[in-house]
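These notes are about the structure you will find just below.
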Amino acid sequence: MCAARALGLAGVEFLDYRDSGMSGSPENQHPASLYQSDRVKLAGQVTEAIRRLQPQVVITFDPFGGYGHPDHIACHYATLSAFFAAPDRRYFPGQLAARLQPFRPAKLYYSTFDRRVLRWLVRLMPLMGKDPLAFGTNRDINLVEIAGFDVPVTTRVDVSRYLQTKQQASACHASQGGGGGMLKMVPKPLRQRLMGNEPFARVYPAPGPGVESDLFAGI
């Protein structure tokens, strides 16, 4: 909610699951955690939201969940399933009986980031006395593992005019090193340049040649 206020979002919806913690943590086993959720039910909840809100563009996590968070990975698969289920009457017919109509968003993207910078940081961190295997406030983020998972960047959106707002929203996520996280170790001019663009991977429709600069291009 803190980040939503900073960004001026029109609304936030919760699906009433607990945070599952990082992989292998005790929180994974809590029966109310997203990690323990019924995957078909979760996909149905996201399908319902797509049919009700009718978004032009849908954005979700990449298959690795950005940095390996189990909840992000669960959201990835649920949203991917929902994106293709929402326009198909065969899926979740009870929603149609409740007067929701099939709907296909125009585009689907994964949020991602350029791993090249991360690989450079992973090599530098030991020289700075920092452990890339145990990053973040809770020391449960493995940057080496994250650096090994790559998603091709198809789209870069210039957000340099909104950099202060982006940093305010990021600062709300304290346990992930809010306010810049690992980029705090990068010299300020380079950090501002890196944070001034937001990379994405277009999943649907298949990306064409070149790099997009607008998520709504072609709509």
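When region 173-219 is filtered for residues that are of a type in the set (D, E, K, R) and modelled with pLDDT of 90 or more, the ones remaining, listed by number, are 198, 202, 212, 214. Each residue in region 137-164 was checked for being assigned to a loop (DSSP other than H, G, I, E, B) and without any contact (Cβ under 8 Å) to a residue 60 or more places away in the chain, and 8 of them qualify. If you go through region 1-50 and keep only what is without any contact (Cβ under 8 Å) to a residue 24 or more places away in the chain, closer than 21 Å to residue 174 by Cβ, open to solvent by 80 Å² or more (accessible area, probe 1.4 Å) and assigned to a loop (DSSP other than H, G, I, E, B), you end up with 1, 9, 14. Checked against the criterion of being in a helix (DSSP H, G or I), at pLDDT 95 or above and either crowded, with 19+ Cβ neighbours inside 10 Å or in contact with a strand residue (DSSP E or B) (Cβ under 6 Å, 6 or more places away or on another chain) (or both), region 85-106 contains one or more residues that satisfy it. If only residues of region 110-155 that are basic (Lys, Arg) and either in contact with a Gly (Cβ under 9 Å, 6 or more places away or on another chain) or surrounded by 13 or more Cβ atoms within 10 Å (Cβ to Cβ) (or both) are counted, the one that is nearest to residue 216 (Cα to Cα) is 115.
The values are calculated or read from the model by the stated rules, or taken from the named source; none is laboratory data. The structure presented is a predicted model; accordingly, all values stated were derived computationally and were not measured. Every residue, glycine among them, receives a Cβ derived from its backbone with ideal geometry; neighbour counts consider all protein chains shown. The area values use the complete protein model at the heavy-atom level, side chains included, leaving out ligands, DNA and RNA. Shrake-Rupley method; radii C 1.70, N 1.55, O 1.52, S 1.80 Å.
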